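Worksheet: one structure, shown below.
The values are calculated or read from the model by the stated rules, or taken from the named source; none is laboratory data. In this text, all values refer to a predicted model and were calculated from it rather than measured experimentally. Virtual Cβ from ideal backbone geometry, glycine too; neighbours counted across all protein chains shown.
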Amino acid sequence: MIWKEITIHTTEEAVEMISNFLHEAGAGGVTIEEHVDNNKPRDTSLGQWFEIPPNDIPEGEAKISGYFPEGLNIEEVVQEVRNRIEELKGYDIDPGAAEISVRDVSEDDWANNWKQYFKPLRVSERLTIKPTWEDYTPEAGEQIIELDPGMAFGTGAHPTTSLCLRTLESVIREGDEVIDVGTGSGILAIGACRLGASRVLALDLDPVAVSSATENTRLNKLEEHIQVVESDLLSVIKGEGSASVTVQLPVRVVVANILAEIILLFIDDVYQALTPGGYYIASGIYKNKEQAVEEALIAAGFELEQTAREEDWVAFVARKR
(Lines give C-alpha, C1' and ligand atoms only; values in the text may rest on other atoms or scores of the structure.)
Protein backbone atom coordinates (compact mmCIF):
# COMPACT_ATOMS: atom_id res chain seq x y z
CA MET A 1 0.00 0.00 0.00
CA ILE A 2 1.22 3.49 -0.86
CA TRP A 3 0.87 6.26 1.75
CA LYS A 4 1.35 10.01 1.64
CA GLU A 5 4.11 11.07 4.02
CA ILE A 6 3.85 14.62 5.38
CA THR A 7 7.12 15.66 7.03
CA ILE A 8 7.53 18.75 9.22
CA HIS A 9 10.87 20.15 10.40
CA THR A 10 10.25 21.79 13.77
CA THR A 11 11.56 22.16 17.34
CA GLU A 12 11.63 19.61 20.16
CA GLU A 13 9.40 21.97 22.12
CA ALA A 14 6.60 21.66 19.56
CA VAL A 15 6.89 17.92 18.89
CA GLU A 16 3.96 16.66 20.96
CA MET A 17 1.52 19.32 19.77
CA ILE A 18 2.36 18.86 16.08
CA SER A 19 2.25 15.07 16.45
CA ASN A 20 -1.24 15.44 17.86
CA PHE A 21 -2.24 17.70 14.95
CA LEU A 22 -1.22 14.96 12.53
CA HIS A 23 -3.19 12.32 14.43
CA GLU A 24 -6.28 14.53 14.48
CA ALA A 25 -5.91 15.19 10.75
CA GLY A 26 -6.24 11.44 10.12
CA ALA A 27 -2.68 10.10 10.15
CA GLY A 28 -2.40 6.32 10.18
CA GLY A 29 0.84 6.67 12.14
CA VAL A 30 3.38 9.26 13.21
CA THR A 31 7.15 8.96 13.52
CA ILE A 32 9.43 11.41 15.36
CA GLU A 33 13.16 11.88 14.87
CA GLU A 34 15.07 14.12 17.27
CA HIS A 35 18.73 15.07 17.42
CA VAL A 36 20.91 12.09 18.34
CA ASP A 37 24.52 12.40 19.40
CA ASN A 38 25.97 9.09 20.55
CA ASN A 39 29.01 10.94 21.89
CA LYS A 40 26.83 12.74 24.41
CA PRO A 41 27.18 11.29 27.93
CA ARG A 42 24.13 9.28 29.02
CA ASP A 43 22.87 8.08 32.36
CA THR A 44 23.72 4.38 32.24
CA SER A 45 23.15 3.69 35.93
CA LEU A 46 20.37 1.29 34.96
CA GLY A 47 22.25 -0.16 32.02
CA GLN A 48 22.40 0.52 28.28
CA TRP A 49 19.00 -0.22 26.87
CA PHE A 50 18.84 1.01 23.32
CA GLU A 51 20.94 2.37 20.48
CA ILE A 52 19.72 4.89 17.93
CA PRO A 53 21.93 5.78 14.97
CA PRO A 54 23.15 9.39 14.91
CA ASN A 55 21.48 11.77 12.44
CA ASP A 56 21.99 15.22 10.97
CA ILE A 57 19.10 16.89 12.83
CA PRO A 58 20.43 19.95 14.71
CA GLU A 59 20.25 19.93 18.50
CA GLY A 60 16.90 21.24 19.73
CA GLU A 61 15.15 20.42 16.47
CA ALA A 62 13.04 17.48 15.31
CA LYS A 63 11.51 15.91 12.23
CA ILE A 64 7.93 14.61 12.43
CA SER A 65 6.31 12.50 9.71
CA GLY A 66 2.62 11.62 9.46
CA TYR A 67 1.33 8.90 7.13
CA PHE A 68 -1.99 9.32 5.32
CA PRO A 69 -3.83 6.83 3.10
CA GLU A 70 -4.34 7.51 -0.57
CA GLY A 71 -7.64 9.14 -1.37
CA LEU A 72 -7.41 11.98 1.13
CA ASN A 73 -7.09 15.51 -0.20
CA ILE A 74 -3.50 15.89 0.93
CA GLU A 75 -3.39 19.61 0.07
CA GLU A 76 -6.27 20.23 2.50
CA VAL A 77 -4.51 18.19 5.18
CA VAL A 78 -1.29 20.16 4.74
CA GLN A 79 -3.15 23.47 4.97
CA GLU A 80 -5.03 22.35 8.09
CA VAL A 81 -1.80 21.30 9.80
CA ARG A 82 -0.03 24.47 8.68
CA ASN A 83 -2.80 26.64 10.17
CA ARG A 84 -2.68 24.81 13.49
CA ILE A 85 1.11 25.10 13.67
CA GLU A 86 0.78 28.85 13.15
CA GLU A 87 -1.63 29.00 16.11
CA LEU A 88 1.10 27.60 18.40
CA LYS A 89 2.82 30.98 18.37
CA GLY A 90 -0.17 32.39 20.24
CA TYR A 91 0.59 29.93 23.06
CA ASP A 92 4.26 30.98 23.18
CA ILE A 93 5.37 27.72 21.56
CA ASP A 94 8.11 28.11 18.96
CA PRO A 95 7.57 25.68 16.04
CA GLY A 96 10.75 26.82 14.30
CA ALA A 97 10.80 26.93 10.50
CA ALA A 98 7.98 24.34 10.34
CA GLU A 99 8.87 23.47 6.74
CA ILE A 100 6.46 20.90 5.29
CA SER A 101 7.17 18.38 2.52
CA VAL A 102 5.08 15.57 1.01
CA ARG A 103 6.14 12.34 -0.71
CA ASP A 104 4.81 8.86 -1.52
CA VAL A 105 6.11 5.92 0.55
CA SER A 106 5.29 2.22 0.79
CA GLU A 107 3.87 0.88 4.03
CA ASP A 108 6.92 -1.32 4.64
CA ASP A 109 9.11 1.78 4.62
CA TRP A 110 7.65 3.08 7.87
CA ALA A 111 5.15 0.80 9.59
CA ASN A 112 7.63 -1.59 11.20
CA ASN A 113 11.12 -0.21 10.62
CA TRP A 114 11.08 1.85 13.82
CA LYS A 115 10.59 -1.29 15.90
CA GLN A 116 14.24 -2.29 15.47
CA TYR A 117 15.24 0.65 17.70
CA PHE A 118 12.64 0.05 20.43
CA LYS A 119 14.22 -2.42 22.86
CA PRO A 120 13.46 -3.36 26.49
CA LEU A 121 14.03 -0.16 28.42
CA ARG A 122 14.63 -0.02 32.17
CA VAL A 123 13.39 3.36 33.35
CA SER A 124 13.68 2.97 37.12
CA GLU A 125 14.86 0.57 39.82
CA ARG A 126 11.65 -1.47 39.51
CA LEU A 127 10.14 -0.75 36.10
CA THR A 128 11.17 -2.02 32.67
CA ILE A 129 9.23 -1.41 29.47
CA LYS A 130 9.23 -4.37 27.10
CA PRO A 131 7.90 -4.14 23.55
CA THR A 132 5.60 -7.05 22.81
CA TRP A 133 7.81 -8.32 19.97
CA GLU A 134 10.98 -8.58 22.11
CA ASP A 135 12.07 -11.47 24.35
CA TYR A 136 13.27 -10.47 27.80
CA THR A 137 13.88 -12.24 31.13
CA PRO A 138 13.31 -9.95 34.14
CA GLU A 139 15.45 -9.95 37.25
CA ALA A 140 14.01 -10.61 40.70
CA GLY A 141 11.74 -7.74 41.73
CA GLU A 142 11.72 -6.19 38.25
CA GLN A 143 8.23 -5.19 37.07
CA ILE A 144 7.52 -5.47 33.34
CA ILE A 145 5.28 -3.18 31.30
CA GLU A 146 4.33 -4.94 28.06
CA LEU A 147 3.80 -2.29 25.40
CA ASP A 148 2.78 -1.94 21.79
CA PRO A 149 2.49 1.84 21.39
CA GLY A 150 0.82 1.61 18.00
CA MET A 151 -0.28 5.08 16.87
CA ALA A 152 -0.50 6.58 20.36
CA PHE A 153 2.14 8.43 22.37
CA GLY A 154 4.29 6.85 25.04
CA THR A 155 7.07 4.34 24.56
CA GLY A 156 8.96 5.36 27.70
CA ALA A 157 12.01 6.50 25.75
CA HIS A 158 10.97 10.15 25.80
CA PRO A 159 12.17 12.09 28.87
CA THR A 160 8.64 13.20 29.85
CA THR A 161 7.42 9.60 30.13
CA SER A 162 10.48 8.25 31.94
CA LEU A 163 10.34 11.19 34.37
CA CYS A 164 6.72 10.33 35.18
CA LEU A 165 7.45 6.66 35.75
CA ARG A 166 10.36 7.39 38.08
CA THR A 167 8.37 9.91 40.10
CA LEU A 168 5.42 7.52 40.27
CA GLU A 169 7.76 4.96 41.81
CA SER A 170 8.60 7.41 44.59
CA VAL A 171 4.95 8.29 45.30
CA ILE A 172 2.71 5.23 44.75
CA ARG A 173 1.69 3.22 47.80
CA GLU A 174 0.11 -0.21 47.81
CA GLY A 175 -3.64 0.04 47.19
CA ASP A 176 -3.65 3.62 45.84
CA GLU A 177 -6.32 4.75 43.41
CA VAL A 178 -4.88 6.87 40.58
CA ILE A 179 -6.12 9.07 37.74
CA ASP A 180 -3.95 9.27 34.61
CA VAL A 181 -4.91 12.33 32.53
CA GLY A 182 -3.93 12.13 28.85
CA THR A 183 -3.05 8.44 29.07
CA GLY A 184 -1.83 8.01 25.46
CA SER A 185 -0.60 4.43 25.14
CA GLY A 186 -1.60 3.74 28.77
CA ILE A 187 2.00 3.34 29.88
CA LEU A 188 1.65 5.40 33.07
CA ALA A 189 -1.57 3.67 34.10
CA ILE A 190 0.09 0.27 33.65
CA GLY A 191 3.19 1.47 35.50
CA ALA A 192 1.06 2.68 38.41
CA CYS A 193 -0.52 -0.78 38.72
CA ARG A 194 2.85 -2.49 38.55
CA LEU A 195 3.96 -0.26 41.43
CA GLY A 196 1.00 -1.26 43.60
CA ALA A 197 -2.01 0.88 42.62
CA SER A 198 -5.24 -1.05 43.05
CA ARG A 199 -7.22 0.87 40.45
CA VAL A 200 -6.43 3.46 37.76
CA LEU A 201 -8.76 5.66 35.75
CA ALA A 202 -7.01 6.40 32.43
CA LEU A 203 -8.45 9.41 30.57
CA ASP A 204 -7.86 10.69 27.06
CA LEU A 205 -9.86 12.77 24.58
CA ASP A 206 -8.25 11.09 21.57
CA PRO A 207 -10.11 7.91 20.49
CA VAL A 208 -6.88 6.54 18.97
CA ALA A 209 -5.20 6.80 22.38
CA VAL A 210 -8.21 5.24 24.10
CA SER A 211 -8.02 2.27 21.73
CA SER A 212 -4.26 1.90 22.24
CA ALA A 213 -4.45 2.18 26.03
CA THR A 214 -7.29 -0.36 26.11
CA GLU A 215 -5.25 -2.83 24.05
CA ASN A 216 -2.12 -2.35 26.19
CA THR A 217 -4.21 -2.82 29.33
CA ARG A 218 -5.37 -6.15 27.87
CA LEU A 219 -1.79 -7.16 26.95
CA ASN A 220 -0.78 -6.63 30.58
CA LYS A 221 -3.86 -8.48 31.90
CA LEU A 222 -4.95 -5.46 33.93
CA GLU A 223 -8.54 -5.07 32.69
CA GLU A 224 -9.86 -5.44 36.25
CA HIS A 225 -7.58 -2.67 37.51
CA ILE A 226 -7.49 -0.07 34.71
CA GLN A 227 -10.55 1.68 33.29
CA VAL A 228 -9.88 3.59 30.07
CA VAL A 229 -12.38 6.36 29.32
CA GLU A 230 -12.63 8.91 26.51
CA SER A 231 -13.07 11.99 28.69
CA ASP A 232 -11.38 14.88 30.44
CA LEU A 233 -10.90 15.30 34.18
CA LEU A 234 -13.54 18.01 34.70
CA SER A 235 -16.25 15.82 33.15
CA VAL A 236 -15.30 12.99 35.51
CA ILE A 237 -15.46 15.30 38.54
CA LYS A 238 -18.90 16.54 37.48
CA GLY A 239 -20.13 13.01 36.81
CA GLU A 240 -20.77 13.77 33.14
CA GLY A 241 -20.55 11.22 30.33
CA SER A 242 -21.99 7.76 29.87
CA ALA A 243 -19.26 5.82 31.71
CA SER A 244 -19.45 5.41 35.49
CA VAL A 245 -15.92 5.54 36.85
CA THR A 246 -14.58 2.79 39.07
CA VAL A 247 -12.19 4.89 41.18
CA GLN A 248 -13.53 6.58 44.28
CA LEU A 249 -13.09 10.36 44.13
CA PRO A 250 -11.10 12.01 45.56
CA VAL A 251 -7.98 9.91 44.84
CA ARG A 252 -4.48 9.99 46.32
CA VAL A 253 -2.53 10.38 43.05
CA VAL A 254 -3.15 12.20 39.77
CA VAL A 255 -0.55 12.03 36.98
CA ALA A 256 -0.55 14.04 33.75
CA ASN A 257 2.09 13.81 31.04
CA ILE A 258 0.91 16.52 28.66
CA LEU A 259 2.04 19.95 27.54
CA ALA A 260 2.45 22.77 30.03
CA GLU A 261 -0.16 24.85 28.22
CA ILE A 262 -2.76 22.14 28.86
CA ILE A 263 -1.59 21.48 32.42
CA LEU A 264 -2.21 25.14 33.24
CA LEU A 265 -5.85 24.80 32.18
CA PHE A 266 -6.94 22.23 34.77
CA ILE A 267 -4.75 22.64 37.86
CA ASP A 268 -7.82 23.54 39.95
CA ASP A 269 -9.61 20.42 38.70
CA VAL A 270 -6.69 18.25 39.84
CA TYR A 271 -6.72 19.94 43.26
CA GLN A 272 -10.43 19.09 43.56
CA ALA A 273 -9.85 15.47 42.51
CA LEU A 274 -7.16 14.83 45.17
CA THR A 275 -7.49 13.87 48.81
CA PRO A 276 -5.78 16.19 51.34
CA GLY A 277 -2.11 15.24 51.22
CA GLY A 278 -2.59 13.71 47.77
CA TYR A 279 0.04 13.96 45.02
CA TYR A 280 -0.05 15.52 41.58
CA ILE A 281 2.70 14.46 39.17
CA ALA A 282 2.83 16.89 36.24
CA SER A 283 5.19 16.22 33.35
CA GLY A 284 5.54 17.16 29.68
CA ILE A 285 6.77 20.62 30.73
CA TYR A 286 9.42 22.17 28.51
CA LYS A 287 12.06 24.17 30.37
CA ASN A 288 10.77 27.58 29.23
CA LYS A 289 7.38 26.87 30.90
CA GLU A 290 8.78 25.62 34.21
CA GLN A 291 8.29 28.88 36.12
CA ALA A 292 4.74 29.41 34.85
CA VAL A 293 3.63 25.93 35.93
CA GLU A 294 5.41 26.19 39.28
CA GLU A 295 3.70 29.50 40.06
CA ALA A 296 0.30 28.15 39.03
CA LEU A 297 0.67 25.05 41.23
CA ILE A 298 1.57 27.14 44.26
CA ALA A 299 -1.26 29.60 43.57
CA ALA A 300 -3.73 26.69 43.47
CA GLY A 301 -2.64 25.55 46.94
CA PHE A 302 -0.07 22.88 46.14
CA GLU A 303 3.27 22.43 47.88
CA LEU A 304 6.14 21.47 45.58
CA GLU A 305 7.95 18.43 46.96
CA GLN A 306 10.17 17.52 44.02
CA THR A 307 11.32 18.94 40.70
CA ALA A 308 12.79 16.32 38.38
CA ARG A 309 14.62 17.17 35.15
CA GLU A 310 15.84 15.22 32.17
CA GLU A 311 17.39 16.97 29.19
CA ASP A 312 15.16 20.03 28.57
CA TRP A 313 12.04 18.61 30.25
CA VAL A 314 10.66 19.04 33.76
CA ALA A 315 8.31 17.06 36.02
CA PHE A 316 6.82 18.37 39.26
CA VAL A 317 5.67 16.34 42.24
CA ALA A 318 3.16 18.59 44.03
CA ARG A 319 1.21 17.80 47.19
CA LYS A 320 -2.22 19.08 48.14
CA ARG A 321 -2.08 20.92 51.44
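Some notes on this structure:
- Scan of segment 61-74 for residues that are part of a loop (DSSP other than H, G, I, E, B) and either under 11 Å from residue 105 (Cβ atoms) or in contact (Cβ under 8 Å) with a residue 60 or more places away in the chain (or both), ordered by number: 70, 72
- There is no residue in segment 40-59 that is under 25 Å from residue 129 (Cα atoms), surrounded by 16 or more Cβ atoms within 10 Å (Cβ to Cβ) and modelled with pLDDT of 80 or more.
- The set of residues in segment 196-227 that are in a strand (DSSP E or B) and either over 25 Å from residue 142 (Cβ atoms) or of a type in the set (S, T, N, Q) (or both) comprises 201, 203, 204, 227.
- Residues in segment 248-260 that are in contact (Cβ under 8 Å) with a residue 40 or more places away in the chain and surrounded by fewer than 19 Cβ atoms within 10 Å (Cβ to Cβ): 248 only.
- Restricting attention to segment 181-203, the residues that are buried (at least 24 other Cβ atoms within 10 Å of the Cβ) and polar (S, T, N, Q) add up to 2.
- Residue 306, sole failed condition from (1) touching a helix residue (DSSP H, G or I) at 6+ places or on another chain (Cβ under 6 Å); (2) in contact (Cβ under 8 Å) with a residue 60 or more places away in the chain: (1)
- When 268, 232 are checked against the criterion of being surrounded by 16 or more Cβ atoms within 10 Å (Cβ to Cβ), touching a residue at least 24 places away in the same chain (Cβ under 8 Å) and farther than 17 Å from residue 163 by Cβ, 232 stands alone in meeting it.
- Only one entry of 240, 261 meets the criterion of being in contact with a helix residue (DSSP H, G or I) (Cβ under 6 Å, 6 or more places away or on another chain), at pLDDT below 95, among the charged types (D, E, K, R) and not in a strand (DSSP E or B), and that entry is 261.
- Looking across segment 141-154 at every residue that is more than 24 Å from residue 259 (Cβ to Cβ) and modelled with pLDDT of 90 or more, the one that is farthest from the chain's Cα centre (by Cα) is identified as 142.
- Whichever residue in segment 282-321 is of a type in the set (Lys, Arg) and modelled with pLDDT under 95 and, among such residues, is surrounded by the fewest Cβ atoms within 10 Å (Cβ to Cβ): 321
- Residue in segment 237-247 that is of a type in the set (Gly, Ala, Ser), on the phi > 0 side of the Ramachandran plot and out of contact with any Lys or Arg (no Cβ under 8 Å at 6 or more places or on another chain) present: yes
- Pairs with Cβ under 9 Å, 6+ apart, first in segment 85-109 and under 15 Å from residue 18 (Cβ atoms), second in a loop (DSSP other than H, G, I, E, B) and at pLDDT 90 or above: 85/95; 85/98; 86/95; 86/98; 88/94; 88/95; 88/98; 89/95
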